[in-house]
Every structure is written in C-alpha cells, then in structure tokens.
Amino acid sequence: MSIKAEEISALIKQQLANYQDEISVEETGTVTYVGDGIARAHGLENALAGELLEFDSGVYGMVQNLESNDVGIVVLGDFTKITEGDTVKRTGRIMEVPVGDAMIGRVVNSLGQPVDGKGEIKTDKTRPIERKAPGVMERKSVFQPLQTGMKAIDSLVPIGRGQRELIIGDRKTGKTTVGIDTIINQKGQDMICIYVAIGQKESTVRSQVETLTKYGAMDYTIVVTAGPSEPAPLLYIAPYAGAAMGEEFMFNGKHVLIIYDDLSKQADAYRELSLILRRPPGREAYPGDIFYTHSRLLERAAKLSDALGGGSMTAMPIVETKAGDISAYIPTNVISITDGQIFLDSDSFYSGVRPAIDAGTSVSRVGGDAQIKAMKKVAGTLRLDLASYHELESFAQFGSDLDEVTQAKLNRGARTVEVLKQPLHSPLPVEKQVLILYALTHGYLDDIKLDDIAKFESDLFDFFDASHADLLETIAKTGDLPDNDKMEAAVSDFVKTFQPADDDKSEPVANK
Ligand SMILES: Nc1ncnc2c1ncn2[C@@H]1O[C@H](COP(=O)(O)OP(=O)(O)OP(=O)(O)O)[C@@H](O)[C@H]1O
Ligand SMILES: [Mg+2]
C-alpha cells in the first residue's frame, strides 16, 4: 500500500482547518446526547445557567444543568432536528422574551412569538424571563382593590393589587372561569392582563381568546400559550415568560393581573424535563427545587413602592387538586407561597352553586386592607352566616322542630348562598355587589322565595339604575355607604313594588 504525498498534505491541511474550530471551543460545543426535549453538550465550559444557546438547525436551547464535563440543555423547539455531533453555539444572552405595548392584544408562545396569525410583533424591547423578585424595600403593602366582579370573591376573599391569590380545585370546577371573568371585569380599570395557558388544549385556548375578544377584553390582554403538544421546556418557561411581560408594565408604574393556568401542569412539565436530565427525583418524583420553581415565580408579583412608580403585579395562579386533596405536594407548596386561596368545591359546583367557592377554606390574607369600606360594612357577617348555615344544614331536615333562631339562621344562610351565585361571564361592578349584599344582610331577602332571588337582584339593579343612580354613584366614588336612611328608604320602596315571577307565597323555611 502506497501513501500519496498529496493525500497526506490534504489531511494535514484538513487538520489545520479544523484547528481553527478548536480555538473557538469556548463558545461552541458538541451535542453528545439528545432526548425528549433535552440535549447534552460537551465543550461549553463558560456557559451561564439560563443562557440561550443556538443549535446548528437554528433551534434554541436554554442551559439548565452545569456539570463538570457537559451541560444539560432544555430544547426550546423541535428537538428531532438536532443530532448527536451537531455544534451548539453560545449566544451570551440570558433567555429573553419581547415585551412592551405591542404585545397587548396578541396570543404568543413561550418565546413571545405570535401564534395568532396577526403578523409580526413590532417591539425592540426584551426582558430576561428570569429575574430576581423585588426586595423588601422596593415593596409597599397592598392597599388598592382588584375587583374580580364576582360577589363571592369580592365580599369574602377580597384581592388587592399586588397580591398573590391561588385558585385551587378539582378538574372542571370553574377555576379557569374565575380567571377569565376577572380579566373581563378589568375593563376600564387601568389594568393590563396576562393569561398564561400552560398545557391546555389549543381548542380550549382558542375559545378562551374568543370569549375575551367578545367581551372586549383582548384590548388590554396578552395571552401566552404553551400547548400540550409542545416540548416540556416550553410549558416550563411559559409562566416566567408571562411574568417578564408583566414586569415591563409593572416597572413602568402600571397595574398588571397575571393568571397562570395552571401551575400543576407546569410542575409536571418541570418534573418531566428534570427526570430526563437525570436530576434525582424527590417527593411524588418532583425534583428537589420544585418549591423554588414556584416561589421565585410568585414572588415576582408585587406592589411596588412609590419611589419605583407604584406599579403592581397581581398573580392568580391556578392549581388543580385530585379529589379535593389540598394537602398533596404541589397544592401545599403553592398555598404556603401565596397570600391566600380560593377553594372551588366540586360538590357545590355540581349542586349548582356556581362559582363554587368554599367560604370555609378560602381566605385572603392581605386583601382585606384593600376592600372598600362599603363592602366591609355589608359583607362583615357573611362568612359567619355561611359557616353557621353549613353547620346547621344537616338539621334542616327536621323542619318545624327547630327553634326560631335556628330557622332564621337557616333561612338567611340559604339566601346568602343564593345571592352569591353568579352566572358565567357576568361580573358585577362593586357598587351593585354592595347593593344586593346590603339588601341581604339587612333582611330584605328573608321573605323572598329562593327561586325569586335572581329576579329580585336584577329588578333591584334596574330600579336603582332608573331612580337611585346617585346612591350607586356615591358607593362607587367614595367607596363608602351612602346615608343609611336613604339606602333603607330606597330598598324598601323597591321591595314594596317587587313582583315575584309567579304568585305563590314565599316559603317561611329555608328550602334546600
Ligand atoms: N359560574 C358559572 N356558572 C355556570 N357555569 C359555569 C360557571 N363557572 C364555570 N362554569 C362552567 O363549568 C365548566 C368548567 O369550567 P372551567 O373550564 O372554568 O373549569 P376548570 O376548573 O378550569 O376546568 P379544567 O379542570 O378543565 O381546567 C365550563 O363549561 C364552564 O362554562
Ligand atoms: Mg381550566
């Protein structure tokens, strides 16, 4: 076998050419492993945690694990286009998403790219998806209300701007509806809303966007979606991307409401990619830092100090429970991170109490400071009324054997439950909520049949709109109840004229 001199020189030349590559070894690496949504690469010694990387095929990845020999990368796109031996480049940038006014009204993916077919988003501002939450001195106590428009929430578990309130419940108990209706109610409230849909069917997200559009809510809303068919890393980063978009507004002195729907699916996605990255599994196979995953996200919701412009970001994370078990791992974690929770109960939901808010287990730890005075006055006894009602409910079957006080409590309780019901997508302005709760707590509903309460409410609103708009305006403007005599006179006037749907006389005892 003879060796040709040209071949040798060609080989040497090739080696020399390759030597050039070796010099830039600091900035590029070689893929050594590709798996579902993740990759490992060798030779990225200087990569930063969270840095954005670019693969040969143009797909982006984010550095997740820094190990002695290689880095673990989550692939933010189609990982099937990556093969072993591909080069992967450092970009020197931490993962960012586009932010700013141009995002409003759009539906985007976790990378901030539009998915609504309405063309390019023109903004040159970006923000890193991970950011340290504002510190103690940068914050201020929550004091402005965030009206959800739902009687049961605004009266019993009031939410303040900058608060983190968890919405928790089994599947199909109206969790998403609470979020969507809250967004709908922000119309004209100087609030920018971000709805982050994590792992939700494309068809579901589509119908939510249609609902928001129908009620004119897309004018102030950004929808971030990471569908179930997308790789786990995109589901994992979706809430951080949404938070980054919200922070842009918050740090410019604006008010933001962000809904993460839901963090259970995000936790599952994170568990998936952690296991493929071979991080050791902990309780329920979630990785050890699952608590930090949620706490650092929710801490970014804040009410900023005046020096920082006084903006706010209110977070409403949603968590799904299994069979009402709020003591499972993810629910307990998120409960301990948030400033309260709204628990939606499936039994109530199926018995027709919607929204199915369980007053006993739902709390708001800071929102009370933000509740308007008028609401405080009329809703003060509601929680107690409901609690004693549920306690006495089991006795209700004995009917007339009960003493008068107990009967009165049952009667009032049943009416309270009825008043707190609210149909889909019909948020109420706070002054009207105050009005109906005023009628309830002052006993005007005690003689009204349960079936007539919905009619009583809408007729009462019509009556006030027509002849006592000034009283409603006082509540809305001052946040306090108008003169009690005036209120009483107006409501009694209405009660005198109220016509129930049919002429049956009202039943004296709470009928269940
Ligand atoms: N207040 C309400 N009045 C009437 N129907 C309601 C109300 N709230 C929710 N629903 C209906 O109940 C169904 C489930 O609601 P929703 O999708 O909000 O629940 P979810 O808990 O988010 O469900 P999932 O577990 O699928 O995420 C929907 O069809 C919705 O229209
Ligand atoms: Mg839902």
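The values are calculated or read from the model by the stated rules, or taken from the named source; none is laboratory data. Just so you know, these numbers come straight off a predicted model, no measurement behind them. Every residue, glycine among them, receives a Cβ derived from its backbone with ideal geometry; neighbour counts consider all protein chains shown.
List of remarks:
- Residue 88 vs. criteria surrounded by 20 or more Cβ atoms within 10 Å (Cβ to Cβ), of a type in the set (A, V, I, L, M) and either over 25 Å from residue 266 (Cα atoms) or free of Cβ contacts under 8 Å to residues at least 40 places away in the same chain (or both): yes
- Residue 175 meets each of the listed conditions (1) touching a strand residue (DSSP E or B) at 6+ places or on another chain (Cβ under 6 Å); (2) free of Cβ contacts under 8 Å to residues at least 40 places away in the same chain; (3) not hydroxyl-bearing (Ser, Thr, Tyr) apart from (2).
Yes/no per residue for (1) assigned by the TED database to the domain that holds residue 203; (2) over 38 Å from the mean Cα position of the chain (by Cα):
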{"residue": "4", "(1), (2)": "no, yes"}
{"residue": "10", "(1), (2)": "no, yes"}
{"residue": "31", "(1), (2)": "no, no"}
{"residue": "37", "(1), (2)": "no, no"}
{"residue": "43", "(1), (2)": "no, yes"}
{"residue": "47", "(1), (2)": "no, no"}
{"residue": "55", "(1), (2)": "no, no"}
{"residue": "114", "(1), (2)": "yes, no"}
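- Candidate set: the range 37-56, residues that are in contact with a helix residue (DSSP H, G or I) (Cβ under 6 Å, 6 or more places away or on another chain) and not in a strand (DSSP E or B); chosen: the one surrounded by the most Cβ atoms within 10 Å (Cβ to Cβ): 37
- Lone qualifier among 245, 218 - being part of a helix (DSSP H, G or I), farther than 28 Å from residue 139 by Cα, within 18 Å of the chain's Cα centre (by Cα) and away from ligand 1 (no atom under 16 Å from the Cβ): 218
- The residue of the range 162-177 that is farthest from ligand 2 (Cβ to nearest atom), among those that are under 21 Å from residue 337 (Cβ atoms) and part of a helix (DSSP H, G or I), is 175.
- Which listed residue, of 99, 108, 59, 75, is surrounded by 16 or more Cβ atoms within 10 Å (Cβ to Cβ), within 32 Å of the chain's Cα centre (by Cα) and without any contact (Cβ under 8 Å) to a residue 24 or more places away in the chain: 59
- In the range 248-278, residue farthest from ligand 1 (Cβ to nearest atom) [restricted to those that are of a type in the set (D, E, K, R) and outside any helix (DSSP H, G or I)]: 278
- Residue selection: residue 198 fails the criterion of being within 16 Å of ligand 1 (Cβ to nearest atom), at pLDDT 95 or above and either in the same structural domain as residue 421 (by the TED database) or closer than 19 Å to residue 433 by Cα (or both).
- Scan of the range 188-201 for residues that are more than 14 Å from ligand 2 (Cβ to nearest atom) and charged (D, E, K, R), ordered by number: 190
- Boolean, residue 123 is buried (at least 20 other Cβ atoms within 10 Å of the Cβ) and outside any helix (DSSP H, G or I): no
- Residues satisfying the stated conditions in the range 155-179, i.e. surrounded by fewer than 24 Cβ atoms within 10 Å (Cβ to Cβ), near ligand 1 (Cβ under 7 Å from one of its atoms) and of a type outside the set (D, E, K, R): 174, 176, 177
- Candidate set: the range 1-36, residues that are in contact with a Gly (Cβ under 6 Å, 6 or more places away or on another chain) and at pLDDT 85 or above; chosen: the one surrounded by the most Cβ atoms within 10 Å (Cβ to Cβ): 29
- Among the conditions (1) of a type outside the set (Lys, Arg); (2) within 14 Å of ligand 1 (Cβ to nearest atom); (3) within 17 Å of residue 103 (Cα to Cα), the only one that residue 184 does not satisfy is (3).
- Test: residue in the range 431-438 that is at pLDDT 95 or above and not in a helix (DSSP H, G or I): no
- Set side by side, the residues 173, 126, 148, 177 differ, and just one is hydroxyl-bearing (Ser, Thr, Tyr) and touching a Leu at 6+ places or on another chain (Cβ under 6 Å), which is 173.
- Wholly enclosed helices (runs of 4 or more DSSP H) of the range 313-391 bearing at least 1 residues within 16 Å of ligand 1 (Cβ to nearest atom) and either of a type in the set (Lys, Arg) or assigned by the TED database to the domain that holds residue 292 (or both): 329-337, 346-350
- Here the range 202-215 is the region considered, the condition is being within 16 Å of ligand 2 (Cβ to nearest atom) and of a type in the set (Ser, Thr, Tyr), and the residue that is farthest from the chain's Cα centre (by Cα) is 203.
- Scope the range 221-242; condition among the polar types (S, T, N, Q), under 15 Å from the mean Cα position of the chain (by Cα) and either closer than 27 Å to residue 306 by Cβ or more than 16 Å from ligand 2 (Cβ to nearest atom) (or both); matching residues: 221
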